[in-house]
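> One structure follows; several queries about it will come next.
The values are calculated or read from the model by the stated rules, or taken from the named source; none is laboratory data. Because the structure is a prediction, the values reported are computed rather than measured. For neighbour counting, all protein chains shown are included, and Cβ atoms are generated from backbone atoms with ideal geometry for every residue, glycine included. In case anyone asks, the SASA skips ligands and DNA or RNA and just uses the protein heavy atoms, side chains included. Shrake-Rupley method; radii C 1.70, N 1.55, O 1.52, S 1.80 Å.
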Amino acid sequence: MNNTSQFHPDETMLLEFSAGTLATAPSICVSAHLHFCSKCRNQLLRLDQVGAQLMSEAKPLELEDDAFDAVMANLDNPEQAPAKSDVKVSRFPFSVDKLMKNNLVSQTWKRLSGSVDVARFETGQDEFEVALHKICAGGKTPKHDHQGLEYTVVLKGSFSDENAVYREGDFLIREPGDVHQPMGAQNGECICLSALSAPIKLTNPLGFLMKPWLRINPM
Amino acid sequence: MSLVTSLPTNQAIPRTNGDRVAVFKSAEKRSDQWSQLLISVGENRDRQAFAQLFRHFGPLLKGFAHASRNEGWFPGLGDDLVQEVMIKVWNKAAGYNAEKASATTWIYTVARNCRIDMLRRKSNTQHLPLENEDFWHEPDEETPISLLQQKRSEDKVQSSLAQLPKEQDEILRKVYLEGKSHAEASAELGLPLGTVKSRVRLALQKMQVIVSTESQE
């Protein structure tokens, strides 16, 4: 899609993604960023070339005698190349779309605060809580800090914090100890994908009210 | 547009040729042997071409499977991977876009995804709603980078990989072939994570895989 992302995963993270060694939750976030960022897609293509070159230098191992026949016996019903016009252009990244369908997201939005809704995803892992957050136009989220790592990708609209404005495709990492207070843009709702490795601790006076809804709750 | 009809058949050259740029006359065509064979499988269901791909890539795929040091590794992984990847190659060849990647790169991505999914299925009892392939549905786009640029970067990767200092080469192999994360590599090598990452960055700079330093977190 567009090429306007300002915040990207760093190259070592893309390399782990290319090698397939990045954990599931951050991989979902990287794949969501790639949907929007052609610069990182190009970078990834070059990283895949490194992997391909290393694979082609792997020590070749002799195959079982019947390996070829076994494969040939299964060569049926090849897929047709999808016609370009048939490829549905989704607004959301493929992996997120699939998770949304899997989790019936439209029915699982929960109110987190006056201006934030959350829908949690079941992703088959429990290191991170993966969720969508929807901030209403101009909505303020509670000021909070992070005890764990949080990856965020803006999927729709934009939000801002003390440091910058984050737009569609932007990829952010919050380290433990970072304190911030995101605010939705005035001109429309903002939807973000996030992967959070530990509960966030609220720092405003009303924090104790919010905490139960913010606790990490992998399903 | 049919690519195969526009390719001169006598120009098939092995990828081991170190100086392919000179043979590569037009930015519009991808002329390496394996990519031509893969195009022919996709367009003509060419079993002969497929057999040639199988003979070349089959043993490499088995080697790639055996290089894995992941949780879930099992002795039959190599043969299973060859089967699964080669059947996917046949089934998906029609969707192969030679303008986007060489056959070797394309088959690597299929193999990487298959290997991860096979290992995860073995080592994980949880229901996994996503397969690794799901992370790789990139939007189709007009020539992301020109074929000539791609050829240059492939050649650069190929020639400079062999010249990397051992300490950088070692980490790349751990990550790509053994399937280790940077954190696992750092624990195994007894190096701080920051050192592992800076070696990775140095290697990527030498191979000119990193083209800009704008990325931020």
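> Which peptide among B:102-110, A:67-75, A:116-124, B:45-53 comes first, and what is the full order, when sorted by highest mean count of other Cβ atoms within 10 Å?
Working: B:102-110: 23.7, A:67-75: 15.2, A:116-124: 19.9, B:45-53: 17.1.
Top of the packing list down: B:102-110, A:116-124, B:45-53, A:67-75.
> What accessible area, summed over both chains, is buried at the B-A interface (1.4 Å probe, Å², nearest 100)?
7000
> With respect to the cross-link table entries A:LYS59/A:LYS98; B:LYS151/B:LYS206; B:LYS122/B:LYS156; A:LYS98/A:LYS156; A:LYS101/B:LYS174, which display a Cα-Cα separation exceeding 26 Å?
Listed pairs above 26 Å: A:LYS59/A:LYS98; B:LYS122/B:LYS156; A:LYS101/B:LYS174.
> Would you work out what percent of the accessible area of segment A:11-76, with all protein chains in place, is carbon or sulfur (probe 1.4 Å)? List each step's numbers first, then the result.
Values: 860 of 1930 Å².
That fraction is 44 percent.
> Taking only protein heavy atoms and a 1.4 Å probe, what accessible area per residue, in Å², does segment A:11-76 have with all protein chains in place?
Ligands and nucleic acids excluded, the result is 29 Å² per residue.
> Now a separate question. Carbon and sulfur: what percent of segment B:64-167's accessible surface (1.4 Å probe)?
Accessible surface attributable to carbon and sulfur in segment B:64-167 totals 47 percent.
> Related question: Could you pull out which residues in segment A:14-41 have an amide N less than 12 Å from a spot 7 Å beyond the Cα of B:LYS156, following the Cα-Cβ vector?
Answer for this model: none.
> Also: Please give the net charge around B:LEU130, taking every other residue with its beta carbon less than 14 angstrom from that of B:LEU130, where Lys and Arg add +1 and Asp and Glu add -1.
Local net charge: -2.
> Summing Lys, Arg as +1 and Asp, Glu as -1, what charge do residues with Cβ under 12 Å from the Cβ of B:PRO59 carry, B:PRO59 excluded?
0
> Another question, then. Probe radius 1.4 Å, ligands and nucleic acids left out: which of A:TYR151, B:TYR176 has the largest accessible area, and how do the rest follow?
A:TYR151, B:TYR176
> Roughly what would the spin-label model give for B:GLN48 and A:MET72, points 7 Å off Cα along C-beta, in nm?
It is 1.4 nm.
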